[in-house]
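Since the structure comes first, as structure tokens, the remarks are kept for the end.
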Amino acid sequence: MIECAKRTRSLPVSRKKPVNAHVVKSIIDRFRAEGASLKDLRIAAVTSLGFAGVFRFNELANIQPNHIFFHEEFLKVYVPKSKTDVYRDGNYVNISKLESNYCHVAVLRRYIQVADIELSSQLALFRPLTTTTTTTTTSFICMTINAYSVAKTFVI
């Protein structure tokens, strides 16, 4: 009886619209422009990589630079654990290069280059950033991720 009352008295489920290619392109256009800050490039890289690899947030947060392998025609990303990986063996996701301004591999490569991230590092790829301001410049420093909740607030 209580279950029936919950269903009849509850509000209908409002589902969010899925992200499509036009939304990702507009995010890349906005945050990848010349002179973009490291924070902007990180947003473009997270969005682009997440869309191209169909990653969940937890999968993106667990990717380390040593899980990324750049090849001539594609990018190979090792996902150490996933919600759908029953045996927790990990899986590889291949993302092909595009011949356009919206190449997911190029966006990620630019982020890694500007952030000065070593591909052999075992820290998280998308780390929180802290700003340090001097009299002439403002720079971003990549910090390590201590907790999942902290990572989620900084990455998204």
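Packing-wise, with mean Cβ within 10 Å as the measure, how do 87-99, 44-56, 65-77, 11-23 rank, highest first?
The most tightly packed comes first, giving 44-56, 65-77, 87-99, 11-23.
Can you compute the modelled spin-label distance between R56 and K17, with each label point 7 Å from Cα toward Cβ, in nm?
2.6
At a Förster distance of 25 Å, what's the computed FRET efficiency of D116 paired with V86, Cβ-Cβ distance as r, to 0.05?
Taking R0 as 25 Å, the efficiency between D116 and V86 is 0.10.
Less than 17 Å apart at the alpha-carbon level, and either on another chain or at least 8 residues along: which aspartates and glutamates does that give for K16?
none
At 7 Å along the Cα-to-beta-carbon direction for both K97 and T132, put a label point, then send me their distance in nm to one decimal.
It works out to 3.4 nm between the two label points.
In Å, what Kirkwood hydrodynamic radius results for the range 1-115 from the alpha-carbon pair distances?
Hydrodynamic radius (Kirkwood, Cα pairs) of the range 1-115 is 16.2 Å.
Between R30 and L123, what is the label-point separation in nm under the 7 Å Cα-to-beta-carbon projection?
2.8
Could you give the size of the charge dipole of the range 56-111 about its Cα centre, using +1 on the Cβ of each K and R and -1 on the Cβ of each D and E, expressed in debye and rounded to the nearest 20?
Working: 8 positive and 6 negative charges, 45 e Å.
It comes to approximately 220 debye.
Computed from the coordinates by the stated procedures, all read-outs in this text should not be read as laboratory data. Just so it is clear, the structure is predicted and the values come from calculations on it, not from any experiment. Quick reminder, even Gly has a Cβ in these numbers, built from the backbone with ideal geometry, and neighbours come from all protein chains shown.
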